[in-house]
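The values are calculated or read from the model by the stated rules, or taken from the named source; none is laboratory data. Since the model is a prediction, treat every value here as computed from it, not as a measurement. Cβ sites come from the backbone with ideal geometry, for glycine too, and all protein chains shown count toward neighbours.
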Amino acid sequence: MTRIGDTSDLGVVLLGAPPAPRPGASPAPGAFPAPPSSASLASRSGSSPEPEYEGSPGRRTNDRPLPVANGSVVRADGGTVCEVLLGRRPPRFIIEEADRAGIAAYRALRRKVFVEEQRLFQGHDLDEHDSDPRTVVLVARGREGAVLGGVRLGPATGGPDIGWWRGGRLAVDPAERGWAGIGPALVRAACARAEAAGALRFEATVQPRAEAMFARLGWHTVRTVMVAGAAHLLMRRPIGRIAALAESTKRPLGSLLAGLAPGGPGYVGDDGAPVPGGDLVAACDAILPAMVERDPEWAGWCSVLVNCNDLAAMGAVPVGLLDALGARDVRAAERVLAGLRGAAGAYDISVLGGHTQLGVPAALSVTALGRAEHLVPGGGGRPGHRVRLTADLGGGWRPGYTGRQWDSTSGRRTPELRAMLGAVAAARPAAAKDVSMAGIAGTLGMLAEASGCGAVLDVAAVPRPGAATMGDWLTCFPGFAMLTADEPGRPGLAAGPATGAECAELVDGQGVMLRWPDGELTEVIAGPVTGMGTAGDPAPEGRGGQEGRNAQRRRTAQSEQEERGRPA
């Protein structure tokens, strides 16, 4: 800590002259004193002699340290600013990302532990991960700055980071083991750092004697592996990012919408709702009030974007919008409508009407209407179908929404946007869903649930922009992104500037698994996403049935023909 002068610190400045050293004690500068015992604190009650004052008024000397709020002690020979102001000592160690000197100290500690003490390696324990620039080293530093422990972590594979990370070489100075909790703290810090880097799989090879500690921290054992000729345990830390997003955004829908049967048979839980008696499809989306308040123009743009995507996933061509806007004043309403107007122009879709209310909290909801020659359901997949992700990888993170909202559309021209919107209608896959609040993995789970299946996502095959980590990309709103399911070998979507690739398959069961390059499967969604159940087959007649709409069109055409054949 910073000290004032040669021997004084802030405690001296606040309390007066430094107390005399204890008999026989000569603590080093910066030493942290032990707290006094309860007996010594009690001895300073009224039964103790009053301290003698000398010198100018208000300045005193005291041959005993003074207690503060929680029993810590302020001493001139070891007190710190932290102790004086906070009434407690600073932590015994802190964990930080190592600089070059910290890495050197960490490697020296590894040599001491793994080469000299445990004799797992000869000469050194360095390997290819130490030379990988993506490797992160975390170190625990003591109060004097010495490295007391460390751990390294980074991508498990060469090439692009696909969200599979490994930790390793956890080492703690032998003199600091057990009592300080450095090892568990380093493990927790490594988990947090890996998740912040977008990891969706995090593993470590652990010596058997450390299994219990890792288990207490939430890790589970996968299998036994050999490291340097010695048996180790491969342990994995579950990462619940995808499941948590699906749970918070979609899981309540089943109970909330019970009895409404939105979409009708064959289209339950779809992105849009077929209107009975014709080829009309309706979609409706509300924008988060916080987003309307924080970024009004972007909220207006997105209200058009998400509705157009919903219609496109159904194989429908957008024909018009209706908006309902609440705003605190005219200026706020103008900003929202500027974004909505700009998006409507870019997508070449008319705003047919709506409602505006001023003097109220921010709110925005838009309904879109479209027409479909052939409806594509979200629940038309079957086990064995291949799933393709078609996404616009252009653009970048929306300012203020890094890791959550990818803006791939605001810089596109109208022909590009219309090409993406028309791709599903042209390809007519067995099933399609646009990616929205639940992210790519969660939306895949919704498509699988509506189809009565489970899904396996091949992580390394997912088309992804270079600026997005895998964890962010699979859980963000990606602008334009469509998941389509069909028989193997069917051609992909011709979607203008968007990029497509087969990256998943539908399987028997339920939920979503991630498949990694080493063949491992990790579960990210254990069961149904929405609880709305399977969509079933479209009804041959009635609400939402494709055959019903075709029959209605035939009846209309026949009636028009008969009308034309009548004499004037």
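Worth a mention:
- Remark: GLY411 matches the filter, which requires a residue to be in a loop (DSSP other than H, G, I, E, B), farther than 22 Å from ARG241 by Cβ and without any contact (Cβ under 8 Å) to a residue 40 or more places away in the chain.
- Per the conditions (1) part of a loop (DSSP other than H, G, I, E, B); (2) surrounded by fewer than 18 Cβ atoms within 10 Å (Cβ to Cβ); (3) not basic (Lys, Arg), the sole criterion not satisfied by THR475 is (2).
- For the stretch 508-519, the criterion of being acidic (Asp, Glu) and within 23 Å of CYS308 (Cβ to Cβ) is satisfied by no residue at all.
- Failed condition for MET437, given (1) surrounded by fewer than 24 Cβ atoms within 10 Å (Cβ to Cβ); (2) touching a Gly at 6+ places or on another chain (Cβ under 7 Å); (3) over 17 Å from ASP486 (Cα atoms): (2)
Residue by residue, here is whether (1) assigned to a helix (DSSP H, G or I); (2) of a type in the set (D, E, K, R); (3) buried (at least 19 other Cβ atoms within 10 Å of the Cβ) holds:
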{"site": "ALA231", "(1), (2), (3)": "no, no, no"}
{"site": "SER255", "(1), (2), (3)": "yes, no, no"}
{"site": "PRO318", "(1), (2), (3)": "no, no, yes"}
{"site": "ASP323", "(1), (2), (3)": "no, yes, yes"}
{"site": "LEU337", "(1), (2), (3)": "yes, no, yes"}
{"site": "LEU340", "(1), (2), (3)": "yes, no, yes"}
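- Within the stretch 109-143, being among the small types (Gly, Ala, Ser) and surrounded by fewer than 12 Cβ atoms within 10 Å (Cβ to Cβ) holds for GLY123, SER131.
- Number of residues in the stretch 411-430 that are surrounded by fewer than 18 Cβ atoms within 10 Å (Cβ to Cβ) and either more than 13 Å from ALA372 (Cα to Cα) or under 30 Å from the mean Cα position of the chain (by Cα) (or both): the value is 4.
- Condition broken by PRO289, with the remaining ones in (1) touching a residue at least 24 places away in the same chain (Cβ under 8 Å); (2) over 25 Å from the mean Cα position of the chain (by Cα); (3) surrounded by fewer than 16 Cβ atoms within 10 Å (Cβ to Cβ) satisfied: (2)
- Which numbered condition THR135 fails, given (1) at pLDDT below 95; (2) of a type outside the set (A, V, I, L, M); (3) in contact with a Leu (Cβ under 9 Å, 6 or more places away or on another chain): (1)
- Pairs meeting the criteria (first residue in the stretch 91-105 and under 18 Å from SER131 (Cβ atoms), second residue buried (at least 18 other Cβ atoms within 10 Å of the Cβ) and hydroxyl-bearing (Ser, Thr, Tyr), beta carbons under 9 Å, at least 6 apart or on different chains) are ALA98/TYR106.
- A single member of GLY519, GLY509, GLY527 is within 23 Å of the chain's Cα centre (by Cα), surrounded by fewer than 18 Cβ atoms within 10 Å (Cβ to Cβ) and part of a loop (DSSP other than H, G, I, E, B), and it is GLY527.
- Failed item, numbered, when GLU373 is tested on (1) in a helix (DSSP H, G or I); (2) touching a helix residue (DSSP H, G or I) at 6+ places or on another chain (Cβ under 8 Å): (1)
- Given (1) farther than 30 Å from ALA204 by Cβ; (2) not in a loop (DSSP other than H, G, I, E, B), number of the condition GLY259 does not satisfy: (2)
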